[in-house]
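Worksheet: the structure to be examined is printed underneath.
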Amino acid sequence: MNRARALSQAADDHARAGLVFGLFAYGLWGVLPIYFKQLSAISAVDIVAHRVLWSLLFLGLLLAITRGWRQVLDGVRSRRTLGLLLATSILIAINWLLYVYAVNSGHILAGSLGYYLNPLMNIVLGRFVLKERLTGLQWAAVAIAAAGVSVLAAGAGTTLWISLTLCVSFATYGLLRKVAAVDAIAGLSIETAILVPAALGWLLLGVSDGRAVFGSTSEEMWLLAGAGIVSTTPLLLFTAAARRLRYSTLGMLQYLAPTLQFLLAVALYDEEFTTAHAIAFGAIWTALLLYSLSLIRDLRARRRAAAAPDLCEP
């Protein structure tokens with residue numbers, strides 16, 4: 001019994017650490033539009049290229065501090081892991097590029113909707129790919145969210161592609177990173193290294209064409225350099241959380257980031273909030289509430305089941 005309790009405590013500590021990592025990751029992602037709005041004069045591709053290059057330097061420093069080069073070598077030597085990281089590097093590049101484009105083109109609401117859909121996409125992936133069981137409430141949440149997206153597609157379809165692409169690319173990224181046998185820093189370092197040739201080539205091409213790819217002011221130059229840190233930190237926290245929590249449980253945390261983005265879009269940047277948006281966001285918030293209630297009920301049931309043997313002890 002003591003061994004079982006020790007294992008249960010270790011599992012609780014593991015999940016608690018995942019919860020903390022997840023909260024910090026999504027909180028940082030939620031306020032990230034403020035940072036990229038300061039770079040709105042620079043193209044999204046240039047910004048993402050800088051994100052890649054400066055992220056590699058930051059990750060190299062972290063690897064040196066944590067002595068994580070062995071994990072990098074192990075990841076590169078495994079054909080399966082390297083194949084997964086090749087796929088995730090493409091997915092995260094697409095996600096980064098589209099996110100920066102959405103922010104700097106005045107479509108933070110569309111980005112917010114995409115990340116609101118992410119938790120519900122995780123539920124579907126968790127069910128059909130990872131074979132996680134879903135309750136009736138969780139299925140109801142997916143159905144309500146789908147109805148909300150349908151209304152938005154009919155009433156505000158011009159930016160729906162942004163929302164859906166962000167949702168699918170990041171949900172698939174998280175799934176593949178969860179099953180890849182490599183830790184957070186090493187995996188992200190390999191992903192970033194895969195993208196470096198394309199990023200460096202793009203910036204060099206810009207220099208040869210006479211574009212101000214390093215910004216036109218010293219402030220822009222420093223902001224571009226800092227893009228690596230502000231991009232990498234929440235992604236590392238997310239990957240660490242994904243490896244410690246059930247994939248569907250990440251859904252309960254994920255709506256922190258889009259809520260902050262939604263508030264920024266409407267209150268700070270005065271983006272248009274239409275009736276279609278109201279219906280779609282209302283449906284998704286309802287779906288997230290149902291899903292959260294389902295998770296809370298499931299957690300209470302598991303705690304009662306874990307405590308039940310103690311009642312029989314003398």
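Here, each number is a calculation from the coordinates, and none is a lab measurement. Just so it is clear, the structure is predicted and the values come from calculations on it, not from any experiment. Note that we place each Cβ from the backbone using ideal geometry, even for glycine, and neighbour counts take in every protein chain shown.
Does region 79-131 classify as rounded, prolate or oblate by the C-alpha gyration tensor (a ≥ b ≥ c root eigenvalues; a/c under 1.5 gives rounded; else a/b over b/c gives prolate, otherwise oblate)? Mind dumping the intermediate values first?
Details: a/c = 6.23, a/b = 1.35, b/c = 4.60.
Oblate is the answer for region 79-131, as a/c is 1.5 or above yet b/c matches or exceeds a/b.
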statement: Ordered by fewest other Cβ atoms within 10 Å, a rough proxy for footprinting exposure, W29, W285, W69 read W69, W285, W29
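Please report the orientation-averaged projected area of the chain, defined via the convex hull of its C-alpha atoms, in nm². Numbers along the way, then the final one.
Details: hull surface 74.3 nm².
Computing the convex hull of the Cα atoms and averaging its projections yields 18.6 nm².
Given the -39500 (n - 2.57) contribution per DSSP H run of 4+ residues, what per-residue ellipticity at 222 nm results for the chain, rounded to the nearest 500 deg cm²/dmol?
Roughly -27500 deg cm²/dmol at 222 nm, from the helical runs in the chain.
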message: Can you compute the modelled spin-label distance between R304 and I34, with each label point 7 Å from Cα toward Cβ, in nm?
response: 4.3
- prompt: What does the charge add up to near L204, with Lys and Arg as +1, Asp and Glu as -1, over the other residues with Cβ less than 13 Å from its Cβ?
  reply: -1
- request: Count charges around A265 for me, please; just the other residues with Cβ under 14 Å from its Cβ, Lys/Arg as +1, Asp/Glu as -1.
  value: -2
- request: Within the set of other residues whose C-beta is less than 13 Å from the C-beta of E191, count the net charge using Lys and Arg as +1 and Asp and Glu as -1.
  value: +1
message: Neighbour counts of other C-beta atoms within 10 Å: give me R80, R177, R243 arranged from fewest to most.
response: R80, R243, R177
